[in-house]
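The next block holds one structure in the form of structure tokens; read it before the comments.
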Amino acid sequence: MLIRTAVVEDAPAIAALVGDLLTEIMTVIAEPVFHFDLSETTERLARFIREARYVVFVASDSAGPGPEELISVSLNFLSLLFPNPFYTSLI
């Protein structure tokens, strides 16, 4: 298990996981309460990581050299919330 601080190149994989989570939440509660745009979320997250406005820890079961490995292995993330949400807005 490898735990490390996310880098800008991790943004697409993390954004996709966030989208999955929000979809699951809306499915369970049967309400479309979030607006989620994968492209916008990826761009915003990458910018926040680059500007050190957001800290995300990624954990994977591989110590692969780059984010492409994150897609094919088990990946979890922990986001330390700052006042700028990167992932969604309420409808």
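Table for the structure above
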read-out: Qualifying residue in the stretch 40-59 (condition: modelled with pLDDT under 90, out of contact with any Lys or Arg (no Cβ under 8 Å at 6 or more places or on another chain) and on the phi > 0 side of the Ramachandran plot); value: yes
read-out: Some residue of the stretch 60-75 being among the aliphatic types (A, V, I, L, M), farther than 27 Å from M1 by Cα, in a loop (DSSP other than H, G, I, E, B) and at pLDDT below 55; value: no
read-out: Any chance F86 is at pLDDT 55 or above and either loosely packed, with under 13 Cβ neighbours inside 10 Å or not in a helix (DSSP H, G or I) (or both); value: yes
read-out: Qualifying residue in the stretch 24-40 (condition: in contact (Cβ under 8 Å) with a residue 40 or more places away in the chain and part of a helix (DSSP H, G or I)); value: no
read-out: The stretch 1-19, residues that are in a strand (DSSP E or B) and either within 11 Å of the chain's Cα centre (by Cα) or not polar (S, T, N, Q) (or both); value: L2, I3, R4
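The values are calculated or read from the model by the stated rules, or taken from the named source; none is laboratory data. These figures come from a predicted structure and were not determined experimentally. Here the Cβ is made from the backbone with ideal geometry for all residues, glycine too, and neighbour counts use every protein chain on show.
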